[in-house]
Amino acid sequence: MVKKPNYCKGIVIAHGKSELLLAEHIKSNLHLPIEIYAESNGKTSIQIDSLMTVLGNNIFKNKREFNKRYIVEEENGILKNFSLMPIMDLDDTSEDRKQKYISGEMFKNHWLNPYIVPIWNKNNLDEVLLDLKLIDKLPNNKEKGRLYRNLFPINKGESDIQQVKNLMDKLEKSNRTNMQVFIKKCLDSL
């Protein structure tokens with residue numbers, strides 16, 4: 001009997017530490033075969049303005065390099081059951097760049113364009129969570145790591161799909177994010 005490879009279902013490009021910890025929380029609770037790309041383990045943020053530089057690096061620049069790193073299901077040269085989801089804050093960029101990011105126009109010339117699903121937080125993830133009353137004040141940089149580890153713990157046990165669905169339901173109530181799209185894609189990949 002030939003064992004089917006454990007295909008990568010998606011890649012998250014995390015803006016910073018907060019987004020990295022949230023993505024790890026989702027991944028661990030769903031036991032999902034997704035990868036998370038972050039600069040310096042989330043210590044260095046990836047801005048919308050530098051996202052195309054990341055997509056032009058040695059990992060994402062072309063299909064040959066990409067396939068050296070990730071095993072993604074393919075059929076007739078087309079990636080199947082796969083999404084690339086950058087999770088970005090909308091602060092620190094121009095209105096024009098924001099709109100090009102949200103619409104996906106920014107990626108139109110990249111080979112991964114058909115698979116990119118832009119995920120955004122207005123203005124940032126902290127403000128989204130404050131708006132939803134998941135946190136009671138905006139954290140400073142020193143507080144963020146501990147706060148997010150407590151809010152989004154890594155699950156080392158059984159899958160907890162319900163916890164992820166509950167988070168998605170909360171995020172759906174906000175017009176300051178489309179993070180629920182990311183979670184829905186993850187749930188649909190199960």
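Between the beta carbons of LYS170 and GLU75, assuming R0 = 25 Å, the FRET efficiency works out to 0.10 to the nearest 0.05. Measuring against 19 Å, Cα to Cα, the residue pairs LYS68/LYS156; LYS43/LYS100; LYS9/LYS144; LYS108/LYS184; LYS27/LYS165; LYS9/LYS80 contain LYS68/LYS156; LYS43/LYS100; LYS9/LYS144; LYS108/LYS184 as the ones spanning a longer distance. Dipole of segment 10-188 computed with +1 at Lys/Arg Cβ and -1 at Asp/Glu Cβ about the Cα centre; of PHE66, PRO114, ILE48, farthest Cα towards the positive end is PHE66.
The sum of -39500 (n - 2.57) across all DSSP H runs of n ≥ 4, divided by the residue count of the chain, sets its helix-only mean residue ellipticity at 222 nm to -11000 deg cm²/dmol. The dipole here belongs to the chain: it is taken about the Cα centre, uses +1 on the Cβ of Lys and Arg and -1 on the Cβ of Asp and Glu, and is about 460 debye. DSSP beta bridges fully contained in the chain are about 25 percent antiparallel. Listed by chain and number, the aspartates and glutamates whose alpha-carbon sits under 17 Å from that of LYS185, ignoring those within fewer than 8 places in the same chain, are GLU19, GLU24, GLU35, GLU73, ASP160, ASP169, GLU172.
What is the extension gain from ASP160 to SER50, computed as 0.36 nm multiplied by their sequence separation minus the C-alpha to C-alpha distance, in nm to one decimal?
Separation in residues times 0.36 nm, less the Cα-Cα distance, equals 36.2 nm.
Remark: relative contact order (the chain) = 26 percent; criterion is Cα-Cα distance under 8 angstrom and separation of 6 or more residues.
What do you get for GluC sites (Glu not before Pro) in segment 82-190 restricted to DSSP loop and a cutoff of at most 16 other Cβ within 10 Å of the site's Cβ?
Filter output for segment 82-190: GLU158, GLU172.
For segment 83-180, the list of chymotrypsin sites (Phe, Trp or Tyr not before Pro) that fall in a loop by DSSP and count at most 16 other C-beta atoms within 10 angstrom reads TRP111.
Dividing the mean sequence gap of close Cα pairs (under 8 Å, 6+ apart) by how many residues segment 75-139 holds gives a relative contact order of 37 percent.
Any read-out appearing in this document is the output of simple, stated calculations on the displayed coordinates, not a laboratory observation. This one's a predicted model, so the numbers in the text were calculated from it and none came from an experiment. No Cβ is skipped: glycine too gets one built from the backbone with ideal geometry, and neighbour counts run over all protein chains shown.
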